[in-house]
1. Look through 80, 155, 134 and report the one residue that is part of a strand (DSSP E or B), touching a residue at least 40 places away in the same chain (Cβ under 8 Å) and buried (at least 18 other Cβ atoms within 10 Å of the Cβ).
2. With within 21 Å of the chain's Cα centre (by Cα) and either loosely packed, with under 13 Cβ neighbours inside 10 Å or assigned to a helix (DSSP H, G or I) (or both) as the only criterion, which of 97, 109 stands out?
3. With the requirement that a residue be in contact with a helix residue (DSSP H, G or I) (Cβ under 9 Å, 6 or more places away or on another chain) and loosely packed, with under 14 Cβ neighbours inside 10 Å, what does the range 25-48 give you?
């Protein structure tokens with residue numbers, strides 16, 4: 001499954017799930033399972049009714065304790081446990097997540113109340129760390145972070161590595177946007193303290209280097225030889241924006257939007273992604289990270305009723 005396809009699937013899932021939450025204000029954890037989590041798994045390619053893929057009420061090592069769901073690899077081993085909580089229940093903590101994962105020797109735990117999705121990575125004696133914590137609205141804008149969860153990977157070591165690599169890349173891109181002078185060693189230290197504790201393994205090393213290269217490719221135009229002409233701003237001067245900052249342009253055709261905070265700024269989302277991204281830049285704006293533009297672009301096209309492709 002490609003990231004663009006998963007973005008579309010997550011966008012469709014969001015529409016369904018948000019309608020459920022709107023129509024059922026006092027939703028129970030059982031309703032979250034049937035009306036939100038099951039469609040979420042289907043969007044990732046899993047079949048909740050296939051016992052070779054999804055095991056409900058999975059028994060853990062501690063007697064009488066079960067996980068709501070376990071996703072199984074191709075060998076039938078539990079690789080991801082899902083803990084469904086009531087919408088107003090407290091957030092999970094690393095200690096409780098670690099105990100849950102160790103009850104099945106699973107490296108991943110997903111905790112959700114139907115409105116927020118937190119994926120945790122558990123590795124031996126190291127502290128459990130969240131790979132991502134995404135609200136329902138944010139799933140489609142962060143499809144890349146979910147790719148390792150799709151059924152194609154079946155949560156193999158490659159899939160888990162994909163999830164970790166994506167999370168580390170996002171963290172490094174964020175720290176570079178906040179401080180582009182960070183050295184490689186400083187980024188390693190920060191990532192290990194926040195995202196990937198323990199020794200510097202191959203996945204962490206590659207993810208940091210990939211993110212750095214993505215940043216450099218995005219930032220090359222800030223160098224004197226690539227400096228923007230006229231009044232165009234450099235990348236570090238651009239203001240971050242998300243799809244929720246844009247509303248349909250009242251006097252324009254479907255597919256045109258205006259910026260909520262400055263109505264002189266407009267976008268024609270009927271154009272291709274390259275043209276839209278350049279239009280953002282010329283107006284002093286950018287998406288929060290270089291990898292989130294695809295979700296931004298798709299979300300606005302979906303809102304305008306345009307096809308998922310780059311051109312209508």
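1. The match here is 80.
2. Of 97, 109, the one residue that is within 21 Å of the chain's Cα centre (by Cα) and either loosely packed, with under 13 Cβ neighbours inside 10 Å or assigned to a helix (DSSP H, G or I) (or both) is 97.
3. 47
The numbers here are math on the coordinates, done by the rules we state, and not lab data. From a predicted model like this one, the values you see are computed outputs, not experimental measurements. Reconstructed Cβ throughout: ideal geometry from the backbone, glycine too, with neighbour counts over all protein chains shown.
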